[in-house]
Amino acid sequence: MAGWIPRKRVIVFGVLVAAAALAGGLVSADRATKQAASARLTATRLTIFQETAPEAPAALQARLEQLVASYREDVGVAVTDVTDGWTAGVDQDRPYPQQSVSKLWVAIALMRAADEGRVAIDGWLTMTDADRSVFFQPVVAEYRSGSYAAPVSELLRRALVESDNAANDRLMRELGGPEGVGAALEDMGLKDVKVGAYERDLQALTAGLSWQHAYGFGRNFQHAREALPMPVREAAADAYVAEPQDGASPAAITAALAALSRGELLSAESTARVTGLMTAARTGPRRLKGGLPAGWSIAHKTGTGQDFQGASLGINDVGLLTAPDGRTYAVAVMMRRTRHSVPARLAFMQAVSRAVVEQWLRDTGSGSVVAD
């Protein structure tokens, strides 16, 4: 079964030049010019929309501040009204570790490439043992004789719905690696969100290791991590949370999600594909989703980092919350290093969701405020 010819790098900024062809071949000069113009228009729309947005509702802002103060840890929260453009939040402009939230940006970069004819979403890719990642990677159970072939759309589903690390890394490689994804995001005007590294490299770095192929098998990664001197692990964890390689601010994430929802990043078909997969996500059913009443829906992506010394690094949920009348809010809740119990973390995220519902009730007069 034929695969794509991998691209070694993606160069965008005015003129798009590829070092090698993806399934559809090199992009023509005419198409590259149109792509560059489209990217500039997207970036301009995002800037104008953010600069002209009204102030956030005072009641919602006060409630978010109250929730974060009560949590007593380093937490970033942002809520953006997709239609009106206002953003309420706390510590919303500082980068936080994203963990698997970054899979969302790989998906958007992939579908942008599909919209531009550089990727065939129904084309096939082959995965081998060289594509193994770390932690959750159920796709490797599909390997027969050391390899697995699947449509791009199937690997995308695994990455967004199941949060499969190996599937996500494989898609990223087809886009030119972290650098290629980053260039695509910047080309779309999303300058403050990033993936930073392949999942396997990021997790190794966070633990104080350098990725080795053997770590993709069994519990080899965990055993290597446990064998490290504690000062090495502590230094690596501290460095990661201080300056996360996959960092993004809550407000940058909600701005990107709002632009996605408004159809400013992708075609209508690709937007529907990405948000549909986010709606089908199996992870985090008791995070933001757990605070929504009947009639509301959520399309989201979670992130869950490693546990170390009684804390979890990078516990997140970001998504699009849609009210019964269709009004949509982009929401991001990000925890840098949390020592609270899992029930306390879930309760906090659910309280943020309820705060959004309360604001919608105030705006529409649709009913009484939701009780904690």
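The values are calculated or read from the model by the stated rules, or taken from the named source; none is laboratory data. Not measured: the values here are computed from a predicted model. When we count neighbours, we look across all protein chains shown, and the Cβ atoms used for this are built from the backbone with ideal geometry, even at glycine.
Quick look at the values:
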item	result
Filter result for Leu257 (assigned by TED's automatic domain parsing to the domain that holds Ile298, in a helix (DSSP H, G or I) and at pLDDT 95 or above)	yes
Residues being surrounded by fewer than 19 Cβ atoms within 10 Å (Cβ to Cβ), in contact with a strand residue (DSSP E or B) (Cβ under 9 Å, 6 or more places away or on another chain) and part of a helix (DSSP H, G or I) - total across segment 185-235	1
Breaking point among (1) at pLDDT below 95; (2) surrounded by 14 or more Cβ atoms within 10 Å (Cβ to Cβ); (3) more than 20 Å from the chain's Cα centre (by Cα); (4) of a type in the set (Gly, Ala, Ser), for Ala43	(3)
Evaluation of His300 against (1) surrounded by 21 or more Cβ atoms within 10 Å (Cβ to Cβ); (2) in contact (Cβ under 8 Å) with a residue 40 or more places away in the chain (one fails), failing number	(2)
Close pairs (9 angstrom Cβ cut-off, 6 or more residues apart or separate chains): outside the structural domain of Arg354 (by TED's automatic domain parsing) in segment 265-290, part of a helix (DSSP H, G or I) anywhere	none
Residues of segment 91-126 that turn out to be surrounded by 24 or more Cβ atoms within 10 Å (Cβ to Cβ) and over 20 Å from Val274 (Cβ atoms), as a count	2
Some residue of segment 70-90 being touching a residue at least 60 places away in the same chain (Cβ under 8 Å), of a type in the set (Asp, Glu) and crowded, with 21+ Cβ neighbours inside 10 Å	yes
Residues being out of contact with any Leu (no Cβ under 8 Å at 6 or more places or on another chain) and touching a residue at least 60 places away in the same chain (Cβ under 8 Å) - total across segment 141-152	0
